[in-house]
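The values are calculated or read from the model by the stated rules, or taken from the named source; none is laboratory data. Because the structure is a prediction, the values reported are computed rather than measured. Cβ placement follows ideal geometry from the backbone for every residue including glycine, while neighbour counts extend to all protein chains displayed. All accessible areas refer to the heavy atoms of the entire protein, side chains included, with ligands and DNA or RNA removed. Shrake-Rupley method; radii C 1.70, N 1.55, O 1.52, S 1.80 Å.
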Protein chains: 2
Amino acid sequence: MARSTHVRRPATLASLAAELGVSRTTVSNAYNRPDQLSPELRRRVLETARRLGYPGPDPVARSLRTRKAGAVGLLLTENLSYAFRDPAALGFLEGLALACEGAGQGLHLVPVNPEREDVAAVHRAGVDGFVVYSVPDDDPHLAAVLSRPVPTVVADQPHVEGVDRVGIDDRAAITALAKRLISLGHRRVGVLCMRLTRDRNDGFVTTERAETATFHVQRARLAGLTDAFGAVGVDWGRVPVVERFDHSIASGASAAAQLLDADPHVTALICTSDILALGALAEARRRGLRVPQDLTVTGFDGIADADRVGLTTVRQPVLEKGRAAGKLLLASVDPTRPREITLNTELVPGSTAAPPRTAEERWFGP
Amino acid sequence: MARSTHVRRPATLASLAAELGVSRTTVSNAYNRPDQLSPELRRRVLETARRLGYPGPDPVARSLRTRKAGAVGLLLTENLSYAFRDPAALGFLEGLALACEGAGQGLHLVPVNPEREDVAAVHRAGVDGFVVYSVPDDDPHLAAVLSRPVPTVVADQPHVEGVDRVGIDDRAAITALAKRLISLGHRRVGVLCMRLTRDRNDGFVTTERAETATFHVQRARLAGLTDAFGAVGVDWGRVPVVERFDHSIASGASAAAQLLDADPHVTALICTSDILALGALAEARRRGLRVPQDLTVTGFDGIADADRVGLTTVRQPVLEKGRAAGKLLLASVDPTRPREITLNTELVPGSTAAPPRTAEERWFGP
DNA sequence: TGGATTGACCGTAACGGTTCAGAACCAATT
DNA sequence: AATTGGTTCTGAACCGTTACGGTCAATCCA
């Protein structure tokens, strides 16, 4: 297989037109509106194009003129590469890709380094709109996106007034999970959560920090837990909450260790993500704690691996979320579209939650 | 959090300049070359910009002028959404994203429908170059990519003269695996392979079809097997090869079933991908065949799930491949760059390969 | 037959920037 | 006093295309 010869970049629509002795409009029409010129002339145009090595209208110039880039930008909190490792993000991406594909739109992943505040990449992206996936309230990249005159849809977080959004009711979802644990008898629980702010803070979380977290989703989930346990008289100020900046199984394990070391009497570890919960399970195993007999562990998201190990969790429709975000964005011209989509979640009973052992059982076995 | 007021689209670099009574050049410099104007004036420019709701230089117009889009295009065979499900593709994507990120380049996923021959999306993508991942020799989208005057790197397949490429030595890699099976004593083997052409052909593969497959990688792998088994006198024409269009565990299972139904005496199933091999394992389990005692199964790729089940396979560095492709593309200006990168593979012994049972063992147990 | 319609094509004006070669000005040096 | 150098800003060309509003001749219809 040989590659066709490559002219350096001489041919343009204008040069083609000159060569043919027709107007640029006509050449343009040959490509974009075949019905606007005779088949014979069109054939000649296309053939001359081939002969001159003209690759067809330049996409960038076209975009400038038509004010359409044919692509949707995607902004993520994490490094791009991270998105390909986190199952929930991946599901979202798949759904978004599906929507884009359906509309013939490209998907432009914007390269941002979450550590640095370099916002230039956002300004450089030639896109017709942005989907912003799960970033903190004060993300400078988000601000840069919003400053651009293109429609934007936020997925999950944050809530921004006047900006379309798709997500779930995190607070209600985790409240339902908490109520289940409460009805099982758990009162002394611990919480593992994902990062609450842009700054790293691996360790225990004060009530104030929990309430002022700039990651809305985490804030809402913690608030949901406060709701549920507060309603049955648990003093939330005394509930240990451990935060981890990195979202990984190893983080979950170390957070669980830190929490269990500090408070060995907790009967349940409530994790705000499945990944953290998988880490907690690993740590429990390492300590010889049986789940759920000795310790209840719950997650959030409903990823495949959670399913595999029978994790008690909340399933959210991540793929559907991605697709909804894409559709919402692509429907931006339609003033009757919904401005906010809240998807349903589902409690997954799993097998990692059970009633806590009584004091007696603790000492004498079940 | 409230969104800043949004002007419809009045402000442009020119209007800003007019408002300020300076030239467009100066406004442009305020954004791109701060050292070219006094700090005071720059401050005024930026402040007026904010006041007028000017979002900064339009990325598309800038791209037109500078001839840089700041993004790399990625072309895949499958639907975009598929890429997020196939572990090998995912690893590649992660590596590619890493490379792009490092260079501050966006990653533009081109939406192609492999069923249709709609090549327009390729022409519409405003990118500085393309990475083409694993497409058939005769893919029209690839042809469209090559017709564009931008650098291109092909990953895996096909081999195109004059086009940079990164991949592995599929033929040698699978030959090594085959030799291992041969040394274990396998002579009667079956093969499960991925699609060989753009057309669906679920079923047995003739020698001719294998040799003329338009998916170069599959062709090379089958050829590698022919090499190895031919060398020990196995008549390759008699070796059953089953092809599946869809790449999924279910496909692997059904292909294994089809093969085992037709030839129950094979002692090993050689699969050209781990996914297919996982399906073969499932089918073996369903039939009550113990692996590796009753049946040897091998894969190719070295995905995480293969590792988990101890599959005998060939590991290829998918992430590294993606990164190499990205780097190669981004180094296109450098004439001393390598034009082709062949990465190393590694035989993973695993635990799904063992010597075949003898006829006696078959009847009387091991 | 004559007015209206249609088909095929064209000229001009954007689209919104960047770039480069200077101009204007001022201070310092020769 | 003339030269040099540096800073700050400008004018005009250019990037390659498509939208818009035509022109002009051929065809249609009653």
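The long axis of helix B:216-231 is offset from the longest Cα principal axis of chain B by roughly 30 degrees.
So how strong a dipole does the protein assembly as shown carry about its Cα centre when Lys and Arg Cβ are +1 and Asp and Glu Cβ are -1, to the nearest 20 debye?
Details: 90 positive and 86 negative charges, 338 e Å.
The dipole of the protein assembly as shown has a size of about 1620 debye.
Listed peptides B:320-329, B:63-72, B:274-283 appear in the order B:274-283, B:320-329, B:63-72 once ranked by packing, highest mean of other Cβ atoms within 10 Å at the front. Applying the Karplus relation 6.51 cos²θ - 1.76 cosθ + 1.60 with θ = phi - 60° to the stretch A:255-266 yields 3J(HN,Hα) values of 5, 4, 4, 4, 5, 5, 4, 6, 9, x, 8, 5 Hz, where x marks Gly and Pro. Annotation: amide H of B:L192 within the under-5 Å range of B:V242, B:I270, B:C271, B:T272, sequence separation 5 or more or interchain, hydrogens built in the peptide plane.
Give the residues of the stretch A:63-106 whose amide nitrogen is closer than 18 Å to a point set 7 Å from the Cα of B:A103 in the direction of its Cβ. Residues A:80-81 qualify, since their backbone N sits under 18 Å from the label point. Each part reduced to its alpha carbon centroid, the stretch B:283-351 and the stretch A:82-138 end up 28 Å apart. Radius of gyration over Kirkwood radius for the stretch B:149-274, both on Cα atoms: the Rg/Rh ratio is 1.00. Between the label point of A:E208 and that of the same position in each other copy, find the distances and list them shortest first in nm, with every label point placed 7 Å from Cα along the Cα-to-C-beta direction. Distances to the matching label points in the other copies: 8.1 nm.
Two numbers describe the Cα atoms of the stretch A:13-66: Rg and Dmax, which are 10.5, 30 Å. Using Cα atoms only, what is the angle between the long axis of helix A:318-330 and the major principal axis of chain A, expressed in degrees (0 to 90) to the nearest 10? It is inclined by approximately 40 degrees. Near A:F130, the amide H atoms lying under 5 Å from its own belong to A:G73, A:T152, A:V153; only residues 5 or more places off or on other chains count, and H is placed 1.01 Å from N. Using only Cα atoms and rounding to the nearest 10 degrees, what angle (0 to 90) does helix B:274-286 make with the longest principal axis of chain B? In chain B, helix B:274-286 runs at an angle near 40 degrees to the longest axis. Computed from phi, the 3J(HN,Hα) profile of the stretch A:344-357 under the Karplus parametrisation 6.51, -1.76, 1.60 (θ = phi - 60°) reads 7, 10, 9, 6, 9, x, x, 9, 10, 10, 8, x, x, 6 Hz, with x in place of Gly and Pro.
Output the antiparallel fraction of DSSP beta bridges having both residues in chain A, as a percent to the nearest 5. Numbers along the way, then the final one.
Working: 5 of 37 bridges.
Bridges in chain A that DSSP calls antiparallel: roughly 15 percent.
Rg/Rh for the stretch A:1-148 (Cα atoms only, Rh after Kirkwood) is 1.12. By accessible area, using a 1.4 Å probe on protein heavy atoms only, the stretch B:1-129 has 49% of its surface on carbon and sulfur.
Around A:A176, what is the net charge, scoring Lys/Arg as +1 and Asp/Glu as -1 over all other residues with Cβ under 14 Å from its Cβ? Don't skip to the answer; put the middle values down first.
Numbers: positive: A:R171, A:K179, A:R180, A:R221, A:R315; negative: A:D169, A:D170, A:D227, A:E346.
That sum, taken over residues with Cβ under 14 Å, equals +1.
Given the rule -39500 (n - 2.57) for each run of at least 4 DSSP H residues, summed and divided by the residues of chain B, what is its mean residue ellipticity at 222 nm, to the nearest 500 deg cm²/dmol? Spell out each step's value before the answer.
Details: 16 runs with 160 residues, N = 366.
Value at 222 nm, helices only, nearest 500: -13000 deg cm²/dmol.
For the stretch B:228-244 and the stretch A:177-253, write down the distance between their C-alpha centroids in whole Å. Comparing the Cα centres of the stretch B:228-244 and the stretch A:177-253, I get a distance of 59 Å. Computed from Cα atoms alone, the Kirkwood hydrodynamic radius reported for the protein assembly as shown is 28.6 Å. Contact residues in the stretch B:31-65 (at least 40 Å² less accessible area with all protein chains than alone, 1.4 Å probe): B:P55, B:P59, B:V60, B:L64.
What is the ratio of the Cα radius of gyration of chain A to 2.2 N^0.38 Å, with N the residue count, to two decimals?
Working: Rg = 26.8 Å, N = 366, 2.2 N^0.38 = 20.7 Å.
Dividing the Cα Rg of chain A by 2.2 N^0.38 Å gives 1.29.
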